[in-house]
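The values are calculated or read from the model by the stated rules, or taken from the named source; none is laboratory data. Please read these numbers as outputs of a predicted model, since none were measured by experiment. All Cβ positions, glycine included, derive from the backbone under ideal geometry; neighbour counts span all protein chains shown. Surface areas here come from the heavy atoms of the whole protein model, side chains and all, with no ligands, DNA or RNA. Shrake-Rupley method; radii C 1.70, N 1.55, O 1.52, S 1.80 Å.
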Amino acid sequence: MESLKISDYMNRHPVTFTTDMTVAQAVELFLKAKQIGGPVIDEHRHVIGFLSEQDCLKKMIEATYLNEYHEVVGDIMHLEPLTVHANGSVLDIAQQMTHAKPKIYPILDENEQLIGVINRSDVLRAIDNQLKSMYEKGHTRMV
């Protein structure tokens, strides 16, 4: 298989969050973007955490029981998220995704700054495109 670069399939305009953003604001962004998770970044676009819809859902359920809704992203984000680099291989991420929990990986440049995200759908699309291309070229068997 030809090399499938992450940079060719990544979302270059992902929803991002800050630690001081309220969970309510984060939920609004999730709903507008139809993204299930996203990186939490600092003022230099360094990834300092990760927030998922599931994290927000847990807090929203708690808020309905407690009748309080004041949590911020920094209170519930996951620290030290797994990240990848843009020049990495889609196939390597695919392998990781079969074993690790993340469904979305923040993508960093050479300065460790966020430049995008890649999710399972992006990875599936990349592999599917590659397989279709191979089939169209007459390959009947994959190695």
* **Relative contact order [Cα under 8 Å, 6+ residues apart], the range 33-119, whole percent** => 29 percent
* To do: Any lysines with Cα under 27 Å of the Lys137 Cα? List them, leaving off those in the same chain fewer than 8 positions away.
  => Lys5
* To do: Kindly provide the trypsin sites (Lys or Arg not before Pro) of the range 103-140 that DSSP labels as loop, not H, G, I, E or B, and whose Cβ sees at most 15 other Cβ atoms within 10 Å.
  => Lys103, Lys137
* **Heavy-atom accessible area ranking, 1.4 Å probe, most first, across Asp75, Asp122** => Asp75, Asp122
* Over the Cα atoms of the chain, what Rg and Dmax result, in angstrom? -> 17.4, 62
* Structure fact -> Carbon/sulfur accessible area of the chain, % of total, 1.4 Å probe, equals 52 percent
* Structure fact -> Under the 7 Å Cα-to-Cβ spin-label approximation, His99 and Leu29 lie apart by a distance in nanometres of 3.1 nm
* Once you put a point 7 Å from the Cα of Ala63 and another 7 Å from the Cα of His46, both along the Cβ direction, what distance in nm separates them? -> 3.0 nm
* **Cβ-derived FRET efficiency at R0 41 Å, His70 paired with Lys132, nearest 0.05** => 0.25
* **Net charge of Cβ neighbours under 12 Å - reference Asn119; Lys, Arg +1; Asp, Glu -1** => +3
* Rolling a 1.4 angstrom probe over the protein heavy atoms, how many square angstrom per residue are accessible across the range 27-143? -> 66 Å²
* Simple label model, 7 Å out from Cα along Cβ direction - Thr22 to Leu91, nm -> 4.9 nm
* Structure fact -> Measuring from its Cα centre, the chain shows a charge dipole (+1 at each Lys and Arg Cβ, -1 at each Asp and Glu Cβ) which, in debye to the nearest 20, is 800 debye
* To do: Measure nothing but the geometry: give the 0 to 90° angle between the long axis through the Cα atoms of 53-66 and the longest principal axis through the Cα atoms of the chain, rounded to 10°.
  => 20 degrees
* What shape does the range 5-50 have by the C-alpha gyration tensor, where a ≥ b ≥ c are the square roots of the eigenvalues, rounded means a/c under 1.5, and otherwise prolate means a/b greater than b/c and oblate the rest? -> oblate
